[in-house]
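Here the structure is laid out as structure tokens; the discussion comes afterwards.
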Amino acid sequence: DIVDIESELTEAQVSRWQAQFLRHTLMLVVVLGPKPGVLELQPFNVEDATPYQARLSPGESAILRADALSHRFTSMEDTLVMSCFTLAQDRQGRPSLGLLTPVARALED
């Protein structure tokens, strides 16, 4: 049986993650392995953009603009990937609505 694990976020959960998604700029992705995979990148605000796919092997890394690109790592087999974000320094300021990523916009709504 498939268990439905989706649930509504609480206000506290939204606040916690919203701060991250409003301020993240760069994302570092490191493939730990043991198998390779594909990192797919696509601009947020370009309709019908063809996704760019980069094959990454264990030990390889990529840096991407998390505030401008959707990103997804897939592998045909089980493999581990580590990621971290750099955050904008201004903790008080908020970007304009035009600069919100899709995830940040969804949390805002």
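Within the set of pairs 6 or more residues apart or between chains, which connect a residue that is free of Cβ contacts under 8 Å to residues at least 40 places away in the same chain and in a strand (DSSP E or B) inside region 37-57 to a residue that is hydroxyl-bearing (Ser, Thr, Tyr) and open to solvent by 100 Å² or more (accessible area, probe 1.4 Å) with Cβ atoms less than 7 Å apart?
Short answer, once both residue conditions are applied: Leu41/Tyr52.
Can you tell me which residues in region 28-78 are at pLDDT 95 or above and of a type in the set (Val, Ile, Thr)?
Selection gives Val29, Val30, Val31, Val38, Ile63, Thr74.
Can you confirm whether Leu26 is touching a strand residue (DSSP E or B) at 6+ places or on another chain (Cβ under 6 Å), aliphatic (A, V, I, L, M), open to solvent by less than 90 Å² (accessible area, probe 1.4 Å) and within 19 Å of Pro102 (Cβ to Cβ)?
In short, yes.
Which of the residues that make up region 79-109 are modelled with pLDDT of 90 or more, within 13 Å of the chain's Cα centre (by Cα) and not small (Gly, Ala, Ser)?
Scanning region 79-109 gives Val81, Met82, Cys84.
Could you grab the pairs with beta carbons closer than 7 Å, sequence gap of 6+ or different chains, first residue in region 8-28 and without any contact (Cβ under 8 Å) to a residue 24 or more places away in the chain and more than 20 Å from Leu64 (Cβ to Cβ), second one part of a helix (DSSP H, G or I) and open to solvent by less than 70 Å² (accessible area, probe 1.4 Å)?
That search, which allows pairs on different chains as well, returns nothing.
The values are calculated or read from the model by the stated rules, or taken from the named source; none is laboratory data. Note that this is a predicted model, so its numbers are computed, not measured. Quick reminder, even Gly has a Cβ in these numbers, built from the backbone with ideal geometry, and neighbours come from all protein chains shown. In case anyone asks, the SASA skips ligands and DNA or RNA and just uses the protein heavy atoms, side chains included. Shrake-Rupley method; radii C 1.70, N 1.55, O 1.52, S 1.80 Å.
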